[in-house]
Amino acid sequence: MPTAAPGSPSAAPVAPVAPVAPVAPVAHGDIRHDWRREEIEALFRQPFNDLLFQAHTVHRRYFDPNEVQVSTLLSIKTGACPEDCAYCPQSTRYDTGLEAEKLMEVEQVLEQARAAAASGATRFCMGAAWRSPKNRDMPYVVAMVKGVKELGLESCMTLGMLTQAQARELADAGLDYYNHNLDTSPEFYGDIITTRTYEDRLDTLGHVRDAGMKICSGGIVGMGEEQGDRAGLLQQLANLPVHPESVPINMLVRVEGTPLADEADLDPFEFIRTIAVARILMPASHVRLSAGREEMNEQMHALAYFAGANSIFYGEKLLTTPNPGANKDMALFARLGIAPEARDVAHAPQNPDPRFYNAAAH
Ligand code: SAM
Ligand code: DTB
Ligand code: SF4
């Protein structure tokens, strides 16, 4: 039966659709760089289930929720660092009993990289306890990057502050990612580190980006900061001109001898909230569940993956502290139906699956 055109005199009146009252602030997962602190704090304060539902919905828009990227970490130069980062076992200012080691030989590093590739890691991250690399170190780290690339692994380094020229040299060698964390909010930062400024860190991130490398930048929670500081850290990261491709969220590993050794536990749900808010603010970035996983049980890992974490450091050691063994992670992946992410799919095209993402809500 023909129907009258809408709006014509004989058209049946269209019943107005009552808007459904949102139960929480709406976060669709659009890429934004203008996040206000109050908005982020409001995300944090939502009921836990509302926050997780939003974060997971955003996660599915950009990623396969059943894939987690795995990176392996190696300390290529350990201890005797002149900086005073209050959390760090490698600072020379604190007696943590750590034995300092000089820069590893290139071939030794490549041996470890081969083992990492064999164990299924797709990215190999090399860390040095330096304030910044000396120019005399550069030929060695360049050789490490080239060797790691030849193994078919993605490469990442964290060597402290970089000059523009050093960033270019690493980029020319083929370094894929540079890790340099903002660590916390600008307001809380001075309570944790005095030997380099927040601005210094932002400058290094600028040099890395200008040299054309991908950025890995995040922070640490559980250092005695307020929720507002966690919001402030994520605000800084999300309002960078381009979101870091990788965002490590570290839970403080309390090390005897450091000023933060006796810091109180952070509520595990607050940690999950931080992951969820990072996911919402930087929807297309890999959010990495980083240091502190030894203290997290399987249920907490599963909740973190649901909230949007999709990358881990894999292998029994971080830089100097223990990490769950690879077998333990693989066993949990199998129980959860998670597959390790293959290389080069880091930024898969958007996947707005209508079952999980209500595109009409835009
Ligand atoms: N020395 C370089 C630098 O700080 O730029 C690179 C290595 S540093 C160990 C890399 C990062 O590890 C730090 O920025 C911090 O976020 C994290 N980290 C260090 N000690 C930690 C701890 N005890 N718990 C959690 N994260 C930690
Ligand atoms: C990051 O954000 N976390 C990793 C990596 N980047 C270099 C380091 C964690 C270090 C934890 C303390 C340790 O093992 O010394
Ligand atoms: Fe040094 Fe890096 Fe540790 Fe700070 S975090 S003390 S810069 S190794």
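Using the heavy atoms of the protein chains alone and a 1.4 angstrom probe, what is the accessible area of the stretch 166-292 per residue in square angstrom?
I get 31 Å² per residue for the stretch 166-292.
Quick query: amide H of L73 versus all other amide H atoms, modeled in the peptide plane; which residues come in under 5 Å with a sequence gap of 5 or more or a different chain?
C125, Y314
Of K214/K317; K77/K149; K102/K328, which pairs sit farther than 27 Å apart, going by alpha carbon to alpha carbon?
Numbers: K214/K317 24 Å; K77/K149 20 Å; K102/K328 31 Å.
Long pairs (Cα-Cα over 27 Å): K102/K328.
When 1/r is averaged over all different Cα pairs and the result inverted, which Kirkwood radius in Å belongs to the stretch 240-324? Please list the in-between numbers first.
Numbers: mean 1/r = 0.0737 Å⁻¹.
It is 13.6 Å.
Can you pull the Rg over Rh of the stretch 193-281, Cα-only, Kirkwood?
0.99
Once amide H atoms are built 1.01 Å from N in the peptide plane, which residues 5 or more positions from K317, or in another chain, come under 5 Å H to H?
For K317, whose amide H was placed from the backbone, the distant partners under 5 Å are N323.
Return the Cα extents of the chain along principal axes one, two and three, sorted largest first, each rounded to a whole Å.
Computed over the chain, the largest-to-smallest principal extents equal 86, 42, 42 Å.
I need the per residue convex hull volume for the stretch 104-179, using only the alpha carbons, in cubic angstrom as a whole number.
Spelled out: Cα convex hull of the stretch 104-179, divided by residues, is 78 Å³.
Describe numerically, in nm with one decimal, the distance between label points set 7 Å from Cα along Cα→Cβ at R335 and at E256.
3.0
Cysteines without a disulfide-compatible partner in the chain, using Cβ under 4.7 Å as the rule?
Isolated Cys, the chain: C81, C216.
Note down the accessible area of F306, probe 1.4 Å, to the nearest 10 Å².
Accessible area of F306: about 90 Å².
Carbon and sulfur: what percent of the chain's accessible surface (1.4 Å probe)?
Whole-percent figure for carbon plus sulfur exposure: 54.
Put one equal scatterer on each alpha carbon of the stretch 80-127, apply the Debye formula with no solvent term, and list log10 I(q)/I(0) at q = 0.18, 0.23, 0.29, 0.30 1/Å to two decimals.
Per q value, in the given order, log10 I(q)/I(0) is -0.72, -0.84, -0.98, -1.02.
When you take every Cα atom in the stretch 43-198, what is the radius of gyration, and what is Dmax, the widest Cα pair distance, in Å?
18.3, 53
Using 0.36 nm per residue, how much length does the chain from I31 to Q299 gain when fully extended, once their Cα-Cα distance is taken away?
Numbers: separation 268, 0.36 × 268 = 96.48 nm, distance 2.97 nm.
Computed gain between I31 and Q299 is 93.5 nm.
What value in Å³ per residue do you get for the convex hull of the alpha-carbon atoms in the stretch 122-270?
Taking only Cα atoms, the stretch 122-270 has a hull volume of 124 Å³ per residue.
Over its Cα atoms, what ratio of radius of gyration to 2.2 N^0.38 Å does the stretch 54-143 give?
It is 1.42.
The values are calculated or read from the model by the stated rules, or taken from the named source; none is laboratory data. The shown structure was predicted, so the numbers you read here are calculated from the model rather than taken from an experiment. A quick note on method: Cβ atoms are made from the backbone with ideal geometry, for glycine too, and the neighbour counts reach across all protein chains shown. Keep in mind that these areas ignore ligands, DNA and RNA; they rest on the heavy atoms of the full protein, side chains included. Shrake-Rupley method; radii C 1.70, N 1.55, O 1.52, S 1.80 Å.
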